[in-house]
Amino acid sequence: MTADDHTALCVLGTGLIGGSLLRAATAAGRTAWGYNRSASGVAAARTSGFDVGDDLPAVLRRAAGSDALIVVAVPMPAVDAMLDAIAEHAPDCALTDVVSVKAPVAAAVRRYGLEGRYVGGHPMAGTAESGWQATDPGLFRGAAWAVGVDPGTDAATWTRVTRLAFDCGAVAVPVIAAEHDRAVARISHLPHILAEALAVAGVRGGDLALGLAAGSFRDGTRVAGTAPDLVRAICEPNSDALLAVLDETLTALHEARTKLSGETSLADLTAAGHAARLRYEAAARWEITALVPGADGWLAKLQEAGRAGGVVTRLDPVG
């Protein structure tokens, strides 16, 4: 690989997602380095043989000199600090992120004047663990990786971000930022809230309830094992979309309670839930083909295909 291949990668934040990305990209043959504000995090990464430092300006100046793709891999509350530094030290670099919400990140990118070479990203993968010690180069294998296709998206940057997803073993799902946030409120953020509530309900049953708890309780509360501050950083920036789906869910639960109280029946909820689960299990990805980033109508094609369950699995070489 040469510098002209645009494979240089700079990862800001080497926790579970950023660190796993750094590992996967390095394994794919990229020249990759990173930044972490924690001295212990830096030491752990270096002990594992990875090029990670705690001098953010120096890390970014290296990115600027290498025309690296910069990946912001910090929780939403820390995004502004990263963008401020990027605007000062590497404003011309291609830029993406792996934050769990997209519209707030895009708004912050615009505030710092970095929108021209920004394409949002979000790999749909993770565990309840955190920190460098939890990183795994195979974390993204087979995962869906949301890649932004908002109006005005730069084709060259989009291609670089999509190729990064491929190098990490993922498939790319084209999505508009606001639509992404509404979708993940349902399938990622709401499950966190429900898991927390279920865990609390179990504990309130005392030692007997916990002693009897088995698979359904274990699986339903898995993500409640995530550090509380991280759950807040994931969910709170998406509060509008999360509130809407939470209200919808509370209505469904209230209707189920009414039926259970009046008719001793959960038939409606169980039938709807079972059908929904079967639809999820039957859902199949289909490949978006004949794609030429930058061609007339390419963004509109990707937007519509993403809504319909399409994914990008490969990009043909140019020329």
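The values are calculated or read from the model by the stated rules, or taken from the named source; none is laboratory data. Here the structure is a predicted model, which is why all the values come from computation and not from measurement. Quick reminder, even Gly has a Cβ in these numbers, built from the backbone with ideal geometry, and neighbours come from all protein chains shown. Surface accessibility is based on the protein's heavy atoms, side chains included, excluding ligands, DNA and RNA. Shrake-Rupley method; radii C 1.70, N 1.55, O 1.52, S 1.80 Å.
Within region 1-50, take every residue that is assigned to a helix (DSSP H, G or I) and of a type in the set (D, E, K, R) and give me the one that is farthest from GLY138 (Cα to Cα). Out of the qualifying residues, it is ASP4. Determine if region 129-141 includes at least one residue that is modelled with pLDDT under 95 and crowded, with 21+ Cβ neighbours inside 10 Å. Taking every residue of region 129-141 in turn, at least one turns out to be modelled with pLDDT under 95 and crowded, with 21+ Cβ neighbours inside 10 Å. Restricting LEU69, LEU56 to those that are at pLDDT 95 or above, over 26 Å from HIS180 (Cα atoms) and either open to solvent by 50 Å² or more (accessible area, probe 1.4 Å) or touching a strand residue (DSSP E or B) at 6+ places or on another chain (Cβ under 6 Å) (or both) reduces the list to LEU56. Residue by residue through region 274-291, note down the ones that are modelled with pLDDT of 95 or more and in contact with a strand residue (DSSP E or B) (Cβ under 6 Å, 6 or more places away or on another chain). Of everything in region 274-291, those that are modelled with pLDDT of 95 or more and in contact with a strand residue (DSSP E or B) (Cβ under 6 Å, 6 or more places away or on another chain) turn out to be TRP286, ILE288. Just one residue in the set ARG141, ARG182 is among the charged types (D, E, K, R) and closer than 26 Å to ARG23 by Cα; that residue is ARG141. Residues that are assigned to a helix (DSSP H, G or I), loosely packed, with under 12 Cβ neighbours inside 10 Å and either in contact (Cβ under 8 Å) with a residue 60 or more places away in the chain or not hydroxyl-bearing (Ser, Thr, Tyr) (or both) do not occur anywhere in region 164-177.
Test SER40 against the criterion of being at pLDDT 95 or above, over 17 Å from ALA68 (Cα atoms) and of a type in the set (Ser, Thr, Tyr), and give yes or no. When the stated conditions are applied, SER40 does not pass them.
Taking the criterion of being closer than 18 Å to ALA134 by Cβ, open to solvent by 10 Å² or more (accessible area, probe 1.4 Å) and out of contact with any strand residue (DSSP E or B) (no Cβ under 7 Å at 6 or more places or on another chain), the residues of region 18-38 that qualify are ARG23, ALA27, ARG37, SER38. Note on region 205-258: among residues that are farther than 28 Å from GLU129 by Cβ and of a type in the set (Asp, Glu), the one that is most open to solvent (accessible area, probe 1.4 Å) is ASP240.
Of all residues in region 148-159, none that is in a helix (DSSP H, G or I) has its Cβ atom under 9 Å from the Cβ atom of a residue that is among the acidic types (Asp, Glu) and open to solvent by 20 Å² or more (accessible area, probe 1.4 Å), 6 or more apart or on another chain.
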